[in-house]
Amino acid sequence: GQPVIDIDRLGAWLDGQPLAGRGKPITHRLITGGSQNEIYEIRRGDLHAALRIPPPGAPASRDEGIMREWRIVKALDGTDVPHAPAIAGCGDTAVLGRAFYLMGFVDGWSPVGLVSSDGSNLAWPAPFDTDIEARRGLGYQLVEGIALLGGVDWQAKGLGDLGRPDGFHDRQVGRWTAFLERIAGRELPGFDVASAWLASRRPIDFVPGLMHGDYQFANVMFRHGAPARLAAIVDWEMGTVGDPKLDLGWVLQNWPKDTTAPSLSRLTFVDMTGMPTRDEVLARYASISGRQVDDIDYYVVLAKWKLAIVLEQGFQRAGDDHKLQAFGPLVLDLMRGAADLAETSDYGR
């Protein structure tokens, strides 16, 4: 297909920014396209960036979403959160037809797209394919990323109006139940049990903070080689100011009980063998974030329940898209899992 971005117009716009490579030719390649956003690698002299832009046919609201992401990426500058450095953002759709932003190009690898030789699951690159002790570090680094993210001073960073943290937990059940009712095409067994349990409970404490909203191995990049080092958290389209511990619930809702046995994380299809245990991950999060984790069951039920609803929307729209069709059974598993944990947990009894 044709490149979506007009390189001459991009060049003219970049010439007006205080950036390296002014006036030099631009080379670019599409890294990922998709229904959500497209990412291009851009090189121009000493400038090496990733450009993120909605596809041409995407709804107009996607431009606001891109500028919202840009605000978060910019706010991470100067923090200890691993991120791609903010370079420049453009909300003027006259330039390329859509809002877009540029961030520093991250030299690293993403756990998604690394398929094992037999095609069955995502393989870890060397040395994590064979060095199980090094692989443990990937799990610790994953959770350290959100522990640091939740500690960002979002008010000082000018993100006070990004989300509505007040009443965050009071809104979840009503908001997502209404969302499900709009898309509903089938019964989701366990929904009523999990919803009632969530509606009658609250976390022990609520310390608002920056949250990613879809935090998992699919949305981070690591530096090459061992030891494991998180290079950047990416894909901020669900980012908001809310309860950062929901990101922790999101990570743990799919964490295998036994990490010594061969196991796949079914959402991202990564091999979880040799990862730290759930308790080790929790302890690491608590020590770095300074937050208590005694109410983790609440967040895991909320994460499973909410993710089931989000994926159900994809399933209902699947048509002949095999990837979205695969959400069908996953949604049922998640909702059943939410109800099972609600029924067996001591939290809030």
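What the table shows:
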quantity: C-alpha long axis of helix 278-289 to longest principal axis of the chain, angle in °; calculated: 60 degrees
quantity: On Cα atoms only, tilt of 168-183 relative to the major axis of the chain in degrees; calculated: 80 degrees
quantity: The chain: angle of helix 296-316 to the longest principal axis, Cα-based, in degrees nearest 10; calculated: 60 degrees
quantity: Total formal charge among the other residues, if their Cβ is under 13 angstrom from that of Arg171, Lys/Arg +1 and Asp/Glu -1; calculated: +1
quantity: Probe 1.4 Å, accessible area per residue of the chain, Å²; calculated: 45 Å²
quantity: Whole-angstrom gap from the stretch 220-293 to the stretch 138-197, using each part's C-alpha centre; calculated: 16 Å
quantity: Helix-only [θ]222 nm of the chain, DSSP H runs n ≥ 4, -39500 (n - 2.57) each, per residue, nearest 500; calculated: -12000 deg cm²/dmol
quantity: Estimated FRET transfer efficiency when R0 is 45 angstrom, pair Ser200-Ala20 (beta carbons, to 0.05); calculated: 0.20
quantity: Cleavage-rule hits, trypsin sites (Lys or Arg not before Pro), the stretch 165-240, DSSP coil, Cβ neighbours within 10 Å at most 16; calculated: Arg186, Arg229
quantity: Built amide H within the under 5 Å cut-off of Ile31, gap 5+; calculated: Ile39, Tyr40, Glu41
quantity: Given charges at Cβ of Lys, Arg, Asp, Glu: the chain dipole, positive-most of Leu330, Ile72, Gln292; calculated: Ile72
quantity: Percent antiparallel among DSSP beta bridges (both partners in the chain, rounded to 5); calculated: 95 percent
quantity: Gyration tensor verdict on the stretch 174-333 (Cα atoms; rounded if a/c is under 1.5, prolate if a/b is larger than b/c, oblate otherwise); calculated: oblate
quantity: By accessible area with a 1.4 Å probe, ligands and nucleic acids excluded, highest first: order of Arg98, Arg68; calculated: Arg68, Arg98
quantity: Prolate/oblate/rounded label for the stretch 34-153 (Cα gyration tensor, a/c 1.5); calculated: prolate
quantity: Inter-probe distance in nm under a simple model that places probes 7 Å from Cα toward Cβ, at Asp320 and Arg29; calculated: 3.1 nm
quantity: Contact order relative to length of the stretch 249-291, as percent, for alpha carbon pairs under 8 angstrom and 6 or more apart; calculated: 30 percent
quantity: Solvent-accessible area, 1.4 Å probe, carbon plus sulfur percent, for the stretch 237-295; calculated: 55 percent
quantity: Theoretical gain in end-to-end length, Asp170 to Asp294 [0.36 nm per residue, Cα-Cα removed]; calculated: 42.7 nm
quantity: Computed over the stretch 63-197: relative contact order in percent, which uses C-alpha pairs under 8 Å that are six or more apart; calculated: 18 percent
quantity: Computed over the stretch 205-256: relative contact order in percent, which uses C-alpha pairs under 8 Å that are six or more apart; calculated: 48 percent
quantity: Chain lengthening between Val4 and Thr273 when straightened (0.36 nm per residue, less Cα-Cα); calculated: 92.8 nm
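The values are calculated or read from the model by the stated rules, or taken from the named source; none is laboratory data. Just so it is clear, the model here is predicted, and its values are computed rather than measured. Virtual Cβ from ideal backbone geometry, glycine too; neighbours counted across all protein chains shown. Calculation scope for accessible area: heavy atoms of the full protein, side chains included, ligands and nucleic acids excluded. Shrake-Rupley method; radii C 1.70, N 1.55, O 1.52, S 1.80 Å.
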